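To keep things clear, I will list the structure first and then write my remarks on it.
What follows is calculated from the coordinates using simple rules that are stated; it is not laboratory data. Since this is a predicted model, take the numbers as computed values, not measurements. When we count neighbours, we look across all protein chains shown, and the Cβ atoms used for this are built from the backbone with ideal geometry, even at glycine.
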Amino acid sequence: MTERVAGNHRSGSDEFSGAGNVSQSGSQAEAQGPEHGEGPGREGTMKRASGKSTCPVNFGLETFGDPWSLLVVRDVVYFGKHTFNEFLGSDEAISPSVLSARLDSLTDAGILRRSADPADRRRVRYDLTDRGLGLIPVLVEIAEWSATHDPDTGAPADWIALVRDNKVEMLRRYADTVRNGGSVFVGENSVLAQVQAAQAQPA
C-alpha cells in the first residue's frame with residue numbers, strides 16, 4: 001500500500017475555532033436475505049417509515065461510500081495523519097473544499113472526533129472514535145481484495161499475507177495502536193515496528 005495519502009472551513013482548517021421501522025405489506029411479506037437489504041415488504045426491500053432504505057449496505061455507503069471518506073480514515077489508520085494539511089498532502093490530491101466537506105460529514109456521522117491539537121492549540125486534530133475504529137476491518141478487507149485483483153498494487157505482498165494469516169491478532173493490534181494515537185506504518189510504536197520487534201526476538 002503506497003502512501004498516496006493526505007483553509008478556513010467548519011471543521012477542516014488547521015486553525016481551531018472552538019473546538020427503523022420496516023414497512024409491511026401484509027401477511028404475504030417475506031424476509032429475503034436481510035444482509036442485502038431484502039426484507040419484509042411487497043417489493044422485497046427494506047424501508048424505513050420515512051421511505052428511506054434500511055439496508056445495512058446502503059447505510060454504510062451513505063455514510064462512507066464516497067471516493068474520499070475511507071481515504072481519510074485510511075490516512076489516520078495507516079499513516080497517522082490527523083490534521084487538515086496532512087490529509088491534503090495525500091497523493092490522491094483531494095481538493096480543500098472536498099476534504100473540508102468529508103471531514104465535516106465524518107465528524108457528524110460520529111466516525112471522527114475533532115479536538116484542539118495538543119502540539120498547537122490553534123490547530124484542529126482528528127481522531128477516530130470507537131465507531132470509526134470499527135471501520136478498520138473494512139479497510140483491511142478492501143486492501144486484501146485490491147492486492148489480489150490490482151496488477152499494479154502498491155501493497156507489500158508479505159504484509160498482506162501476514163495480516164491475512166493472522167487476521168484476528170492483527171486487527172486487534174491495529175485497533176489498539178490507533179486508539180492510542182499510533183498508526184500501522186508510521187511512528188516508533190506503529191504496528192509495523194511492533195511486528196519487527198517481535199520478529200527480532202530470539203526464538
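Sorted by average packing, counted as other Cβ atoms within 10 angstrom per residue and highest first, what order do 181-187, 192-198 take? Numbers along the way, then the final one.
Values: 181-187: 18.7, 192-198: 13.4.
For the peptides 181-187, 192-198, the packing ranking is 181-187, 192-198.
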- Query: How long are the three semi-axes of the equivalent ellipsoid for segment 77-203, computed from the Cα gyration tensor as the root of 5 times each eigenvalue, in whole Å, largest first?
  - Reply: 27, 18, 14
- Message: Sort 119-130, 76-87 by packing, meaning the average of other beta carbons within 10 Å per residue, with the highest value first.
- Response: 76-87, 119-130
- Note on the structure: By the mean-Cβ-within-10 Å protection proxy, highest first, 147-154, 166-173 rank as 166-173, 147-154
